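The values are calculated or read from the model by the stated rules, or taken from the named source; none is laboratory data. This one's a predicted model, so the numbers in the text were calculated from it and none came from an experiment. Reconstructed Cβ throughout: ideal geometry from the backbone, glycine too, with neighbour counts over all protein chains shown.
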Amino acid sequence: MNPIYNTGIGLYGMAAKIASWRSVKVRKMIRGQNRTLATLRRRLGNRPGCIWFHASSLGEFEQGRPMIERLRREHPDKPILLSFFSPSGFEVRKNYPFVDAVVYLPFDTPKRVRKFLDAARPSMAIFIKYEFWGNYLQELRRRGIPTYIISSIFRPGQRFFRAAGGMFRKMLRCFDRLYVQDERSRRLLKLIGVENVTVAGDTRFDRVTDVMRSTVDIPGFPAFGSGSRLIFIAGSSWEADEDIYAPWLNSHPDVAFIIAPHEFNETRLEALRNRFNRQVVLLSEWVSEIKRHKLSGGELPDHLKKVSGIIIDSFGKLSSLYRYADIAYIGGGFGAGIHNLNEAAVYSIPVIFGPNHTKFKEASDLIKCGGGFSIGSIGEFFESIDTLTASEKSLKQAGGAAGQYIQANLGATDLIYNDLFRHTSEPTDAETENGRRNASITQMQQS
């Protein structure tokens with residue numbers, strides 16, 4: 001990349017090291033990057049030709065996960081590498097069993113890039129959604145390693161489409177093929193001369209459907225809220241979200257609720273519990289009591305029958321708990337952006353979310369089909385949820401629209417996987433750069 005870009009990356013790395021003195025998250029990232037090369041050598045050994053998946057964070061990983069797990073099933077002997085940039089992805093999935101190695105991606109400086117690729121020796125690189133690192137992309141192209149991006153989505157205001165965005169447009173030309181979520185993205189890319197594009201959809205639809213089919217039972221939950229009018233669930237909730245929905249829950253004692261805070265510690269959990277004017281327990285307390293009394297099915301000890309609020313205090317449970325709810329609120333819309341709408345909508349329940357959703361195609365799609373509802377204030381939340389819960393028909397109609405939307409958008413994983421791996425019994429690790437380019441041209445003509 002040019003000197004301006006490399007200087008910027010260098011400064012970014014220095015700033016991160018300074019921030020690590022105070023930030024636990026950044027400190028984990030720096031320390032993790034320092035262990036990356038040793039991890040690659042230890043976990044991959046002398047096996048060249050791994051398939052490298054890179055995700056910025058946990059959300060992007062979930063988009064790539066269907067591809068990873070299918071590749072592992074169909075090619076169990078093929079080494080797979082997974083890298084993260086953010087601690088929120090790495091720390092949760094560092095022991096992910098479907099890959100051979102999970103590492104932090106080192107900063108995008110020329111020297112670090114060369115060392116990383118020398119140690120990893122990938123035969124293919126697959127970036128997920130929003131990752132554009134100039135030096136990595138250029139070095140992959142220089143080495144003739146086929147490189148792709150999946151589930152990507154583009155908007156007019158992005159830097160690629162600005163007059164001064166030439167440096168970033170060069171990054172796009174390093175991909176052998178871009179698999180985008182929608183037709184608008186394809187048209188935008190065509191305007192800047194990028195035509196090796198396939199509209200494949202979003203692999204998250206496949207992922208949430210897989211999760212729905214493999215949900216695990218939570219002890220005692222079939223009986224939770226049995227005396228309530230309905231069950232409300234809040235996923236990935238921040239304090240700004242709780243300011244919106246907590247007053248409504250406190251004014252509706254006939255509604256049971258489940259809340260999954262986006263991040264939590266003991267202080268956060270206690271403060272959240274104290275927001276409500278009824279008996280609220282942590283999920284760990286609920287499960288512990290059910291197991292202690294050796295109960296199952298619809299049985300509950302007397303003191304748990306009075307519980308109408310549960311706060312999730314562990315990771316990995318939210319996706320299984322959506323199935324017990326009648327309506328969902330998805331957090332993040334009063335901050336950096338909403339979290340995973342599809343994870344709830346797949347259960348055919350309506351979803352409500354805050355105003356910061358313009359970067360998320362599924363939000364606007366759900367609003368259009370009648371399965372999603374955007375609110376910008378407490379008043380708008382009250383109006384939306386009161387309308388939805390006024391009748392069973394309204395709730396079922398909105399939930400049905402959400403579920404149908406998910407079903408209508410399945411298939412991205414099959415399309416991309418078949419496109420990349422269908423033409424050989426082994427994933428592509430020995431194709432020449434020239435042959436790969438010819439295959440890309442053929443695909444472009446077919447798309």
Go through segment 277-304 and give me each residue that's in contact with a Gly (Cβ under 8 Å, 6 or more places away or on another chain), surrounded by 17 or more Cβ atoms within 10 Å (Cβ to Cβ) and either of a type in the set (A, V, I, L, M) or modelled with pLDDT of 95 or more (or both).
280, 281, 287, 290, 300, 304
Residues located in segment 111-143, provided they are loosely packed, with under 15 Cβ neighbours inside 10 Å and farther than 18 Å from residue 81 by Cβ:
111, 142
Criterion (touching a helix residue (DSSP H, G or I) at 6+ places or on another chain (Cβ under 9 Å) and without any contact (Cβ under 8 Å) to a residue 40 or more places away in the chain) met by exactly one of 282, 304, 300, 321:
282
Of residues in segment 22-40 being at pLDDT 90 or above and loosely packed, with under 13 Cβ neighbours inside 10 Å, the one farthest from the chain's Cα centre (by Cα)
38
Would you mention how many residues in segment 16-50 are touching a Pro at 6+ places or on another chain (Cβ under 7 Å) and hydroxyl-bearing (Ser, Thr, Tyr)?
1
May I ask you to verify whether residue 281 is over 18 Å from the mean Cα position of the chain (by Cα) and assigned by TED's automatic domain parsing to the domain that holds residue 399?
yes
Do you know which residues across segment 365-396 are part of a helix (DSSP H, G or I), over 26 Å from the mean Cα position of the chain (by Cα) and either free of Cβ contacts under 8 Å to residues at least 12 places away in the same chain or outside the structural domain of residue 229 (by TED's automatic domain parsing) (or both)?
379, 380, 383, 386, 387, 392, 393, 394, 396
Within segment 91-102, is there a residue that is in contact with a Phe, Trp or Tyr (Cβ under 7 Å, 6 or more places away or on another chain), outside any helix (DSSP H, G or I) and modelled with pLDDT of 95 or more?
yes
(1) at negative phi; (2) not assigned by TED's automatic domain parsing to the domain that holds residue 180: which one isn't true of residue 195, the others all being true?
(2)
Of all the strands (runs of 3 or more DSSP E) wholly in segment 132-220, which have at least 2 residues that are modelled with pLDDT of 95 or more, more than 30 Å from residue 293 (Cβ to Cβ) and β-branched (Val, Ile, Thr)?
147-152, 197-199
